[in-house]
Amino acid sequence: MDIRAEVNRALDYTKQKEFKKAEKIYLEILKVDSQNAVVLSFLGLLYMNVGHFGKSKKCLLKADSIKSNPATTEGLGLVNYFLNRYKDAEGYFEKIIDNSKSFDVYDKYTHCLLKSKQFSKAYKYSEKFYQLYPLAKESACRLANSCIHIGKFEDAYRYSLNLTTRFPKYAEGWQTLGLVYEIYFHDEEESNKCFQKVLRLGNKFSGYYNLSVNSYKIGNYKKSLYYINKLKKADPDSTTADFTLAIIYMKQCKYKKGLKYYSKYIHESYKKDPDDDLNRLKNIWDGKTYKDETLLVYADQGVGDNIMFSRYMPFLEKKFKQIKVLLYEPLFDLFKYAFRDYKKIKFYKKGGKFPQYDKSAILSCLAAYLKMDYGNIPFSDKYFDVEQKYIDKYSKIITTDKKLKVGICWEAGAAGLREQLNRTLNVSMFEPFLNIKSVQFYSLQVNPAMDNYKDYPQIIDLGKDFKDYSDTAGAIRNLDLVVTVDTSVAHLAGALGVKTFMLLPYCTDWRWFDDKVKTPWYNSVKLFKQTDPKDWDSIIEKVTEELKNEQA
């Protein structure tokens with residue numbers, strides 16, 4: 001058999017889209033030479049082109065194990081992307097990106113980077129993508145989105161406006177422009193027009209979802225429900241619709257409906273991500289009592305959620321013989337100490353093998369399992385503490401006796417772009433109260449994206465030395481007060497029972513229930529909520545006056 005001639009014949013068939021004939025030739029060659037990496041790679045790429053991604057991956061992996069080459073690596077990146085295995089795809093693209101000029105590689109790689117929140121890197125490669133393909137709508141759109149994520153809003157506006165002018169029928173361009181109007185300009189009218197355009201161009205999911213969020217942000221829950229129900233009809237299996245329904249109902253204190261949709265969203269959405277550890281959970285708990293069995297609780301969502309929902313863990317002791325909780329490592333020591341009196345509760349770090357268990361549950365859904373609605377939230381005074389050694393550690397650093405000792409946080413981390421930018425402030429906005437001479441300020445911020453806090457010598461940076469949340473808790477316990485945006489530090493300070501001023505945007509997260517001053521989650525937390533989405537100055541002014549009236 002002349003293998004080279006046969007391969008060329010198969011390639012000709014592929015060009016003519018006679019894929020079955022090409023496949024037959026490759027399979028015949030592999031009967032003779034099963035370790036031919038080139039043929040395996042070509043067959044894998046053929047399978048990928050016809051949508052047989054499982055077969056494609058199998059062939060490409062075997063080819064790569066025999067002899068790796070850029071074409072095979074690119075194929076593995078693409079097939080993993082199509083299988084929604086974005087982490088794996090990103091790893092393969094990483095190996096070839098700097099020597100590649102492939103449109104598909106840049107398009108998929110930059111998308112992977114945005115999904116994994118590597119925003120600076122996404123911006124770098126989106127710029128290169130745009131330089132390589134300046135006339136492509138996809139490269140312009142990716143660059144505009146990257147600009148939004150790193151705060152280059154004027155550039156994002158310029159790119160997205162140009163994009164919609166050049167490609168008026170490209171729905172994703174209108175969505176990007178709508179986000180700029182919403183997030184940067186706080187112009188709901190213009191963003192609404194953009195999202196309506198997305199809808200008219202046929203993208204029902206994006207159109208209805210963004211219109212729902214837009215209505216939600218201005219407090220029009222009736223219209224928000226209208227749009228999200230439209231989305232639900234267009235896509236009955238949409239977990240995004242379930243989540244949005246959950247937050248709309250819970251924001252209005254309609255707890256039972258909200259918890260129903262929230263629980264459904266959590267349990268269904270992770271199944272769509274094959275890389276998610278939650279896919280490994282078996283025998284989901286039905287809320288009943290199993291006194292001879294062990295429950296595995298998986299801590300999902302972010303750190304703030306873990307702290308907030310952990311208050312429900314003690315109620316599990318009457319239901320099970322033992323409770324095993326899988327946690328993020330930075331929370332491990334803190335939780336282990338805080339719940340030391342609950343002998344049935346044991347903690348394990350995420351990342352290894354799951355411990356043995358009979359039933360499993362998701363931490364953020366404990367209230368739903370336990371049928372405890374949010375109308376009677378337990379442990380709102382205090383349910384956390386930290387080992388004395390951490391308190392002592394920071395008592396040696398936080399030693400200002402005559403001044404009010406205040407911790408500050410200005411940046412928030414969040415799962416979604418809207419939430420993160422909605423909750424984040426520039427530290428320069430704190431300047432009116434940073435100049436109060438009777439107050440000593442301490443930064444609790446870890447790895448802030450913006451480093452202009454270094455321009456304020458009156459801020460002592462504690463966060464740079466934090467190794468985990470026990471350090472953060474130890475520092476907070478030495479403070480008189482914490483001033484923070486809506487982030488994990490707010491939850492930790494509230495759980496510790498430390499006086500806290502939390503700065504909330506006009507459109508708050510559902511858990512604050514549109515409350516203006518108090519929250520049922522934490523009695524020690526006072527809310528300072530925007531009444532106008534464009535006005536933070538009046539909020540900062542109120543906080544400044546309150547701090548002036550505080551006594552050390």
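The values are calculated or read from the model by the stated rules, or taken from the named source; none is laboratory data. Note that the structure is predicted; figures quoted are calculated from it, not measured. Counting neighbours? That spans all protein chains shown, and the Cβs are built from the backbone with ideal geometry, glycine included.
Please go through region 30-49 and give me each residue that is exposed (fewer than 15 other Cβ atoms within 10 Å of the Cβ) and in a loop (DSSP other than H, G, I, E, B), ordered by number.
Asp33, Ser34, Gln35
Given the conditions (1) farther than 14 Å from Leu78 by Cα; (2) in a helix (DSSP H, G or I), and given that Lys17 satisfies all but one, which numbered condition is not satisfied?
The single condition Lys17 does not satisfy is (2).
Looking at region 74-92 only, could you name the residues that are charged (D, E, K, R) and either over 11 Å from Asp104 (Cβ atoms) or outside the structural domain of Val38 (by TED's automatic domain parsing) (or both)?
Result: Arg85, Lys87, Asp88, Glu90.
The rows are residues; the columns are (1) in the same structural domain as Ala361 (by TED's automatic domain parsing); (2) basic (Lys, Arg); (3) part of a helix (DSSP H, G or I); (4) touching a Phe, Trp or Tyr at 6+ places or on another chain (Cβ under 9 Å).
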residue	(1), (2), (3), (4)
Ser224	no, no, yes, yes
Ile228	no, no, yes, yes
Thr244	no, no, yes, yes
Cys253	no, no, no, yes
Asn306	yes, no, yes, yes
Tyr312	yes, no, yes, yes
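Would you mind stating whether Leu27 is assigned by TED's automatic domain parsing to the domain that holds Gly75, assigned to a helix (DSSP H, G or I), modelled with pLDDT of 95 or more and exposed (fewer than 13 other Cβ atoms within 10 Å of the Cβ)?
yes
Every residue, every condition in (1) part of a helix (DSSP H, G or I); (2) touching a residue at least 12 places away in the same chain (Cβ under 8 Å); (3) surrounded by 19 or more Cβ atoms within 10 Å (Cβ to Cβ), yes or no:
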| residue | (1), (2), (3) |
| --- | --- |
| Ser120 | yes, yes, no |
| Tyr123 | yes, yes, yes |
| Ser126 | yes, yes, yes |
| Phe129 | yes, yes, yes |
| Cys141 | yes, yes, yes |
| Ser146 | yes, yes, yes |
| Ala156 | yes, yes, yes |
| Asn162 | yes, yes, no |
| Thr165 | yes, no, no |
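In region 78-116, which residues are over 19 Å from Tyr133 (Cα atoms) and either touching a Gly at 6+ places or on another chain (Cβ under 7 Å) or not in a helix (DSSP H, G or I) (or both)?
Selection gives Leu83, Asn84, Arg85, Ala89, Tyr92, Ser116.
Collect the residues in region 191-222 that are among the β-branched types (Val, Ile, Thr), in a helix (DSSP H, G or I) and closer than 25 Å to Trp510 by Cα, keeping them in residue-number order.
Val213
Tell me yes or no: at least one residue of region 528-547 is part of a helix (DSSP H, G or I), within 26 Å of the chain's Cα centre (by Cα), touching a residue at least 24 places away in the same chain (Cβ under 8 Å) and more than 19 Å from Phe441 (Cβ to Cβ). Show your work before the answer.
Step one: filter region 528-547 for residues part of a helix (DSSP H, G or I), giving 537-547.
Keeping just the survivors that are within 26 Å of the chain's Cα centre (by Cα) gives none.
Checked region 528-547: no residue is part of a helix (DSSP H, G or I), within 26 Å of the chain's Cα centre (by Cα), touching a residue at least 24 places away in the same chain (Cβ under 8 Å) and more than 19 Å from Phe441 (Cβ to Cβ).
From Tyr348, Tyr337, Tyr249, Tyr261, which residue is part of a helix (DSSP H, G or I), modelled with pLDDT of 95 or more and at negative phi?
Result of the check over Tyr348, Tyr337, Tyr249, Tyr261: Tyr337.
This table checks each residue for (1) surrounded by fewer than 20 Cβ atoms within 10 Å (Cβ to Cβ); (2) touching a strand residue (DSSP E or B) at 6+ places or on another chain (Cβ under 7 Å).
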site	(1), (2)
Val303	no, no
Pro330	yes, no
Asp333	no, no
Tyr337	yes, no
Ile345	no, yes
Phe354	yes, yes
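Within region 53-70, is there a residue that is within 20 Å of Tyr133 (Cβ to Cβ) and either at pLDDT below 95 or in the same structural domain as Asn8 (by TED's automatic domain parsing) (or both)?
Yes, because at least one residue in region 53-70 is within 20 Å of Tyr133 (Cβ to Cβ) and either at pLDDT below 95 or in the same structural domain as Asn8 (by TED's automatic domain parsing) (or both).
If we scan region 315-328, do we find a residue that is within 27 Å of the chain's Cα centre (by Cα) and assigned to a loop (DSSP other than H, G, I, E, B)?
Within region 315-328 (the criterion being within 27 Å of the chain's Cα centre (by Cα) and assigned to a loop (DSSP other than H, G, I, E, B)), the answer is yes, since at least one residue qualifies.
Do we find that Asp277 is modelled with pLDDT under 90 and either surrounded by fewer than 20 Cβ atoms within 10 Å (Cβ to Cβ) or touching a strand residue (DSSP E or B) at 6+ places or on another chain (Cβ under 8 Å) (or both) in this structure?
So Asp277 fits the description; yes.
Yes or no: region 59-77 includes at least one residue that is among the hydroxyl-bearing types (Ser, Thr, Tyr), touching a residue at least 12 places away in the same chain (Cβ under 8 Å), closer than 23 Å to Ser34 by Cβ and in a helix (DSSP H, G or I).
yes
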